[in-house]
Amino acid sequence: MTAALSVEGVSHAYGTRRVLNDVSLTVPQGQFTAVLGLNGAGKTTLLSLITRLFDTQSGTISVLGYRIDRQPGEALRRLGVVFQARTLDMDLSVMENLLFHASLHGIGGREARRRATEALTDVDMADRARDKARNLSGGQMRRVEIARALLHAPRLLVLDEPTVGLDIASKLAIVTHVRALVRDRGVGVLWTTHLLDEIEPSDHLLVLHKGRSMARGIVSDVVATAGVDTLRAAFASLTEGAGEREAA
């Protein structure tokens with residue numbers, strides 16, 4: 001089966017400062033894949049390359065077999081994105097935000113409204129459809145952003161530190177919903193985080209540290225290969241103990 005996402009030998013630099021060095025990653029369809037790294041590890045740069053905010057300087061990136069540099073339209077049509085920074089238009093209602101996004105994907109009229117209503121229902125936000133985005137809490141905004149990202153039925157969902165700044169209940173709701181998308185709809189998910197408790201033993205994992213891939217594979221295998229008993233200990237070992245407390 002073609003991978004939802006394939007990243008092969010990707011490097012990137014800002015001027016003379018290299019921030020990614022020969023990074024490879026695979027997100028299987030219907031699997032949850034986490035990129036774990038401290039702030040400054042290169043996670044956001046990696047997602048910026050995957051979503052084509054930046055052009056690829058070295059290596060290849062493919063979404064469902066479509067190379068992002070050669071067939072960007074086909075690749076991006078199969079990709080949904082939730083950025084770390086809030087991206088809703090605060091002056092529009094929740095429904096208006098979703099309908100505008102649908103129009104960008106060529107979905108209009110009754111079909112756009114039907115999809116938007118269904119997506120908001122899935123994230124338990126249908127009762128807030130007429131509210132201005134600015135009147136939502138951080139967790140509610142994030143749920144709306146996930147609903148918006150799924151409007152065009154992508155097979156790959158990419159989320160950059162999606163729980164940053166959320167309270168415990170909102171964080172749990174977001175993690176639970178995204179994992180349900182993997183389980184029930186077969187969506188491939190790429191989830192970047194610095195939080196160990198968002199990762200499960202059966203997840204696929206890339207440990208990223210200072211732009212380098214320190215380990216790849218199923219979480220339980222990464223832990224076993226490191227010769228330790230927990231992901232916390234494996235992460236500390238792989239990154240030479242740097243900033244272990246920040247990843248707690």
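Pairs only if they're at least six apart or on different chains, beta carbon under 9 angstrom, first in the range 199-212 and outside any loop (DSSP other than H, G, I, E, B), second acidic (D, E); list them, first residue then second.
As it stands, the answer is L205/D221; H209/E240; R212/D22, since those pairs meet every condition given.
Against the condition modelled with pLDDT of 95 or more, exposed (fewer than 15 other Cβ atoms within 10 Å of the Cβ), closer than 30 Å to R130 by Cα and in contact with a Lys or Arg (Cβ under 9 Å, 6 or more places away or on another chain), how does M95 come out, does it pass?
No: the conditions fail for M95.
Return the only residue of G40, G65, G30, G59 being under 21 Å from V123 (Cβ atoms) and assigned by TED's automatic domain parsing to the domain that holds L166.
G30
Considering only residues of the range 23-50 that are hydroxyl-bearing (S, T, Y) and assigned to a strand (DSSP E or B), which is surrounded by the fewest Cβ atoms within 10 Å (Cβ to Cβ)?
Per the stated criteria, the residue is S24.
Any chance the range 91-98 includes a residue that's under 23 Å from R155 (Cβ atoms) and over 18 Å from the mean Cα position of the chain (by Cα)?
Checking the range 91-98: at least one residue is under 23 Å from R155 (Cβ atoms) and over 18 Å from the mean Cα position of the chain (by Cα).
Could you run through the range 183-198 and say how many residues are assigned to a strand (DSSP E or B) and among the hydrophobic types (A, V, I, L, M, F, W, C)?
Looking only at that region, the number is 3.
T193: assigned by TED's automatic domain parsing to the domain that holds T33 and free of Cβ contacts under 8 Å to residues at least 60 places away in the same chain, yes or no?
The answer is no for T193.
Quick one: which residue in L53, L46, L20 is in the same structural domain as V189 (by TED's automatic domain parsing) and modelled with pLDDT under 95?
After applying the criteria, what remains is L53.
If a residue has to be touching a strand residue (DSSP E or B) at 6+ places or on another chain (Cβ under 9 Å), modelled with pLDDT under 95 and closer than 20 Å to T45 by Cβ to count, how many in the range 76-86 make the cut?
4
Looking at this structure, is R232 among the charged types (D, E, K, R), in a helix (DSSP H, G or I), over 13 Å from the mean Cα position of the chain (by Cα) and closer than 18 Å to G37 by Cα?
yes
Tell me which residues, restricted to the range 17-50, are of a type outside the set (G, A, S), within 17 Å of R212 (Cβ to Cβ) and out of contact with any Ser or Thr (no Cβ under 8 Å at 6 or more places or on another chain).
R17, N39, T45
In the range 1-22, what count of residues is obtained for those that are closer than 21 Å to R78 by Cβ and either part of a strand (DSSP E or B) or not small (G, A, S) (or both)?
So the count comes out to 7.
Every residue in the range 109-149 that is at pLDDT 95 or above, buried (at least 16 other Cβ atoms within 10 Å of the Cβ) and among the β-branched types (V, I, T), please.
Across the range 109-149, the qualifying residues are V144, I146.
Every residue in the range 162-205 that is over 20 Å from L79 (Cβ atoms) and among the small types (G, A, S), please.
G165, A169, S170, A173, S202
Among (1) buried (at least 18 other Cβ atoms within 10 Å of the Cβ); (2) under 29 Å from G139 (Cα atoms), where does D89 come up short?
(1)
The values are calculated or read from the model by the stated rules, or taken from the named source; none is laboratory data. Since the model is a prediction, treat every value here as computed from it, not as a measurement. So basically every Cβ, Gly included, is an ideal-geometry build from the backbone, and we count neighbours across all protein chains shown.
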